[in-house]
1. What is the residue count in the range 84-112 for residues that are closer than 17 Å to N125 by Cβ, among the aromatic types (F, W, Y) and within 15 Å of the chain's Cα centre (by Cα)?
2. Among the residues of the range 42-59, are any open to solvent by 50 Å² or more (accessible area, probe 1.4 Å), part of a helix (DSSP H, G or I) and either of a type in the set (F, W, Y) or under 22 Å from I200 (Cβ atoms) (or both)?
3. Only one residue in A56, A17 is modelled with pLDDT under 90 and of a type in the set (A, V, I, L, M). Which one?
4. Among the residues of the range 189-207, write down those that are open to solvent by 60 Å² or more (accessible area, probe 1.4 Å) and acidic (D, E).
5. Any residue in the range 92-105 that is touching a Phe, Trp or Tyr at 6+ places or on another chain (Cβ under 7 Å) and of a type in the set (K, R)?
6. Go through (1) more than 22 Å from I43 (Cα to Cα); (2) of a type outside the set (S, T, N, Q); (3) open to solvent by 40 Å² or more (accessible area, probe 1.4 Å) and name the single condition I71 misses.
7. So which residues in the range 48-101 are of a type in the set (D, E) and closer than 16 Å to I144 by Cβ, if there are any at all?
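The values are calculated or read from the model by the stated rules, or taken from the named source; none is laboratory data. Remember, it's a predicted structure, so these values are computed and weren't measured experimentally. Cβ: placed from backbone, ideal geometry, glycine included. Neighbour counts: every protein chain shown. With ligands, DNA and RNA removed, areas are computed over all heavy atoms of the protein, side chains included. Shrake-Rupley method; radii C 1.70, N 1.55, O 1.52, S 1.80 Å.
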Amino acid sequence: MFEEATKNLKNLLEERASLDEKIAKFKKNRPMYVVEHPCPGVIHLVFTHQKDLSFAMCRLEEFYEGPHEHIKGNYFSLETFFDTYCDDSGDLAYYYSWDGFNVPRHAIDKFEELFAPHGLTRRENLVLEEVKKHDAQYLISTSISTIESTVDHEVAHALWATNPEYKQACQEALKSMTGVSKRYFSRLLLSEGYPSDPAIMEDEHHAYIATASVRYIKR
């Protein structure tokens, strides 16, 4: 009986080791990202790992709508990015705080024009290649661990930028917000790292209200 139990345990451990090996091989061979098309003119890059998402999108996103004057709309190196966003202990919360990104085509083209002469990272090159290959007018990027409401939030941004009827309907709906509510919401977004840009604020108001939970909006 003891020998039979030992044999069964040995077989179980061998099966487990084989399964672990298969899982490790699967994780290693997974693609960096997959491409989805949530709506016309829009591509959605879904990254396997948060690290690749952050590395691929940090400079592109901050160039488009970063809150810092020396970064938004300007060329900046990765060293400048680290100096700006790392705290004194060296912690870079940016890489795990943001799991959804959105950038319009005009900003992507301008980014390539300014940054390419200085050298793009491998991940940045891959992103730009996908945008051009699919002739996308808008890019959103998330990871497989990004929560559903965040994905919806990024798609809302894409619709706002590419669908005039949708944008007009949302702007009409936003008129029902009181001035106090708009100012409070803007202060909240500014405190979370969004830039003080009226157009971006209006877009963010719409995206949060359209996709966030009722509990979040009330809070």
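1. Summing the residues that are closer than 17 Å to N125 by Cβ, among the aromatic types (F, W, Y) and within 15 Å of the chain's Cα centre (by Cα) in the range 84-112 gives 1.
2. Taking the range 42-59 and keeping what is open to solvent by 50 Å² or more (accessible area, probe 1.4 Å), we get 49, 51, 55.
From the residues that got through so far, the ones that are part of a helix (DSSP H, G or I) too are 51, 55.
Retained after the next criterion (residues that are either of a type in the set (F, W, Y) or under 22 Å from I200 (Cβ atoms) (or both)): 55.
Within the range 42-59, one or more residues are open to solvent by 50 Å² or more (accessible area, probe 1.4 Å), part of a helix (DSSP H, G or I) and either of a type in the set (F, W, Y) or under 22 Å from I200 (Cβ atoms) (or both).
3. Numbers: A56 fails: modelled with pLDDT under 90.
Within the list A56, A17, the selection yields A17.
4. As a first pass, look at the range 189-207 and keep what is open to solvent by 60 Å² or more (accessible area, probe 1.4 Å): 190-192, 196, 198-199, 202.
Hits for the range 189-207 are E192, E202.
5. Yes, that holds for at least one residue.
6. In the conditions (1) more than 22 Å from I43 (Cα to Cα); (2) of a type outside the set (S, T, N, Q); (3) open to solvent by 40 Å² or more (accessible area, probe 1.4 Å), I71 misses (3) alone.
7. To start, the set of residues in the range 48-101 that are of a type in the set (D, E) comprises 52, 61-62, 65, 69, 79, 83, 87-88, 91, 99.
Answer for the range 48-101, where residues must be of a type in the set (D, E) and closer than 16 Å to I144 by Cβ: D52, D99.
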